[in-house]
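Colleague: Before anything else, here's the structure in question.
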Amino acid sequence: MKTYYLLASLFLVAAAHAVEVSVKGNLITIGNEALRLSYDLKSGTYSGTDLASGITAFSDARFTVDESGWKEPKGATREWKSTDLDDAFGKGRKLTVTETPGGGYRPVKSIHFFVYDDLPFANLGFSVTNQHAVPARITTVNMLEKASFLPGKELSNPQVLRGGAGAEPSRIENQLGINAFNNILATGYRNSDDRSKAVTSNDENGTSRLTLRTETKADVKWHVSWTKNP
């Protein structure tokens, strides 16, 4: 089993403090005083909230592995565990949710949420395990599949900025739709004074293709995927 990491960072204004993990029914939540990430074990979706403003940054995100036209896997089970965290970013807690398929050749997949005591952002990672003797090939992993960006909020003066990769131009674009490698900054005004922003980026493991697109006027979907280099 090999683990690859993507970073999904929310730049928030509140000071972060000790990390807590809580359970309420099917909802598992990890967070500090700056942010909260909540995973629904029943639906297999998760959301992220900026606690300084009380605004949901994204919702209905799914973690998928080579799954096009996602639908609820039959017989799949999801389990979670929480462990102490102490890495190069600092100390905190790691929440892992593992989904085991009910049959077929789909792999066992785990999504990891890294939240730190004193940092106002979270890291997301994943691991995939082949549970069969037959070799498995994985091409694309989606970390934020069909996530709604700032759900229910209508932004004025939306702008995006790609992080740049090779010959890709790096400039501010006055729109919300974008498709880029490596990282994206998306921003817009909720009113005349408050500008919301979110950043997603990845590290050097593989190539991350990020897509932010508007499906309706007030419905913006964010897709973040990792694709293994050939």
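Colleague: Which residues, taken from region 37-60, are of a type in the set (D, E) and free of Cβ contacts under 8 Å to residues at least 40 places away in the same chain? Give the derivation first.
Modeller: Within region 37-60, the subset of a type in the set (D, E) is 40, 50, 60.
If the condition is that a residue be of a type in the set (D, E) and free of Cβ contacts under 8 Å to residues at least 40 places away in the same chain, then D40 is the only one that fits.
Colleague: Would you please name the residue that is nearest to the chain's Cα centre (by Cα), looking only at residues in region 128-184 that are modelled with pLDDT under 75 and among the acidic types (D, E)?
Modeller: E154
Colleague: Collect the residues in region 21-36 that are touching a Ser or Thr at 6+ places or on another chain (Cβ under 9 Å) and in contact (Cβ under 8 Å) with a residue 60 or more places away in the chain, keeping them in residue-number order.
Modeller: Answer for region 21-36, where residues must be touching a Ser or Thr at 6+ places or on another chain (Cβ under 9 Å) and in contact (Cβ under 8 Å) with a residue 60 or more places away in the chain: V21, I28, I30, G31, L35.
Colleague: A follow-up question, please. Please work out which residue is surrounded by the fewest Cβ atoms within 10 Å (Cβ to Cβ), limiting yourself to region 99-151 and to residues that are under 24 Å from A18 (Cα atoms) and β-branched (V, I, T).
Modeller: Filtering region 99-151 for residues that are under 24 Å from A18 (Cα atoms) and β-branched (V, I, T), the one surrounded by the fewest Cβ atoms within 10 Å (Cβ to Cβ) comes out as I111.
Colleague: Tell me yes or no: at least one residue of region 21-28 is modelled with pLDDT under 95 and not small (G, A, S).
Modeller: The answer is no, given that none of the residues of region 21-28 is modelled with pLDDT under 95 and not small (G, A, S).
Colleague: Test each condition in (1) part of a loop (DSSP other than H, G, I, E, B); (2) of a type outside the set (S, T, Y); (3) modelled with pLDDT of 70 or more for N191 and report the one that comes out false.
Modeller: Among (1) part of a loop (DSSP other than H, G, I, E, B); (2) of a type outside the set (S, T, Y); (3) modelled with pLDDT of 70 or more, N191 violates only (3).
Colleague: Quick check on this structure: which one of G69, G54, G75 is loosely packed, with under 15 Cβ neighbours inside 10 Å, within 15 Å of K146 (Cβ to Cβ) and modelled with pLDDT under 90?
Modeller: Numbers: G54 fails: within 15 Å of K146 (Cβ to Cβ); G75 fails: within 15 Å of K146 (Cβ to Cβ).
That would be G69, the only listed residue that is loosely packed, with under 15 Cβ neighbours inside 10 Å, within 15 Å of K146 (Cβ to Cβ) and modelled with pLDDT under 90.
Colleague: Checking the conditions here, which among L95, L35 is modelled with pLDDT of 85 or more, among the hydrophobic types (A, V, I, L, M, F, W, C) and within 24 Å of G152 (Cα to Cα)?
Modeller: Working: L95 fails: within 24 Å of G152 (Cα to Cα).
Exactly one of L95, L35 is modelled with pLDDT of 85 or more, among the hydrophobic types (A, V, I, L, M, F, W, C) and within 24 Å of G152 (Cα to Cα), namely L35.
The values are calculated or read from the model by the stated rules, or taken from the named source; none is laboratory data. Please read all numbers here as calculations on a predicted model, not as lab measurements. Using ideal geometry, Cβ is built from the backbone for each residue, glycine included, and neighbour counts are taken over all protein chains shown.
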